[in-house]
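Report on the following structure.
Just so it is clear, none of the values below were taken in a lab; they were calculated from the coordinates. Every value quoted in this text rests on a predicted model; they were computed, and no experiment measured them. Every residue, glycine among them, receives a Cβ derived from its backbone with ideal geometry; neighbour counts consider all protein chains shown.
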Amino acid sequence: MVNPGEGVYTWVDRNRDSTLQVDEMEIAVFQDQANYVRVAVTTTDFIRTNNVAYNQNLRLEPRLVWARSEQGWKKFTSRFSCKAPCKSAEK
């Protein structure tokens, strides 16, 4: 924390736990709210993070199978396609 108006960032306590967290710092809209600065601290300590991300896509394109079909329903169905994405992230 620096003197009022001398910083660049302001703290917005989103989860109301009264603990300063990195994702709660925003660039101040008004200069009188700018009470914090960002300081990068390097360390040789390893900080483990467990992040898992899973992405999958399912695409159905009947035209690839029934492109030259003469049957009515296959010919009609081959005009459509469907794409279904699935994403999962866990921290």
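Both radii were evaluated on the Cα set of segment 1-40; the Rg over Rh quotient, with Rh as the Kirkwood radius, amounts to 0.96. Over all orientations, the chain has a Cα convex hull whose mean projected area works out to 12.1 square nanometres.
Loop-resident trypsin sites (Lys or Arg not before Pro) (DSSP state other than H, G, I, E or B) in segment 41-90 with no more than 10 further Cβ atoms inside 10 Å of their Cβ: ARG48, ARG68, ARG79. Ranked for footprinting exposure by Cβ neighbours inside 10 Å, fewest first, MET25, MET1 give MET1, MET25. Scan the chain and report its longest stretch carrying no chymotrypsin sites (Phe, Trp or Tyr not before Pro) that are both in a DSSP loop and have at most 13 other Cβ atoms within 10 Å. Here the longest run is 47-79. Distance between the 7 Å Cα→Cβ label points at PHE76 and ALA40: 6.2 nm. Computed over neighbours whose Cβ is under 9 Å from that of TRP66, the net charge equals +4, Lys and Arg +1, Asp and Glu -1. Which residues make up the longest stretch of the chain that has no GluC sites (Glu not before Pro) in a DSSP loop with at most 13 other Cβ atoms within 10 Å? Of all site-free stretches, the longest is 7-69.
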